[in-house]
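For reference, the structure is listed below as structure tokens.
The values are calculated or read from the model by the stated rules, or taken from the named source; none is laboratory data. Just so it is clear, the model here is predicted, and its values are computed rather than measured. Cβ atoms come from the backbone with ideal geometry, glycine included; neighbour counts cover every protein chain shown. Each accessible area value is taken on the protein alone, full model and side chains, heavy atoms only, with ligands, DNA and RNA left out. Shrake-Rupley method; radii C 1.70, N 1.55, O 1.52, S 1.80 Å.
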Amino acid sequence: MAHVNKVLRSINDQGADRCVDIFRRPDGTVGFEEFRRDVEDARGWFPIGGHSDRVFAGQAEALAAALIDVAWLRPAIGNA
């Protein structure tokens, strides 16, 4: 059976067509990725950030990096 990452937090933009997931890998490390979806495409979310291979010790470190690298994220959290 393949191991999958466990999403710890998912943050959507205001239009709910982009999100950042912060996740824990089976080895215990943490990462994040930015995703996009198009309402007319029923296939769902697509990774667009190229961040998923980055490794962080914890959720706070991953979120801090995401806040720097994903332009829409800080305003989205400020509106949450």
Check your understanding: In the Gaussian network model of the chain, springs joining C-alpha atoms below 10 Å, which of I68, I22, I11 carries the largest mean-square fluctuation?
Key -> I68
Check your understanding: Which cross-chain or sequence-distant (5 or more) residues have an amide H under 5 Å from the amide H of G49, H modelled 1.01 Å from N in plane?
Key -> E34
Exercise for review: Taking only protein heavy atoms into account and a 1.4 Å probe, give the accessible area per residue of the chain in Å².
Suggested key: 65
Practice item. Counting other Cβ atoms within 10 Å, keep those with at most 16, restrict to DSSP loop, and tell me which GluC sites (Glu not before Pro) in segment 1-45 are left. Key: E40
Point to revise | Mean residue ellipticity (222 nm) of the chain, computed from DSSP H runs ≥ 4 via -39,500 (n - 2.57), nearest 500 | key: -6000 deg cm²/dmol
**Study point:** Overall Cα dimensions of the chain - principal axes, largest extent first, Å
**Key:** 35, 32, 20
**Study point:** Fraction of accessible area attributable to carbon and sulfur, the chain (%, probe 1.4 Å)
**Key:** 52
Exercise for review: Normalising by the residue count of the chain, find the relative contact order in percent from Cα pairs under 8 Å and 6+ residues apart.
Suggested key: 25
Check your understanding: Given the protein chains as shown and a 1.4 Å probe, how many square angstrom of V39 are accessible, to the nearest 10?
Key -> 140
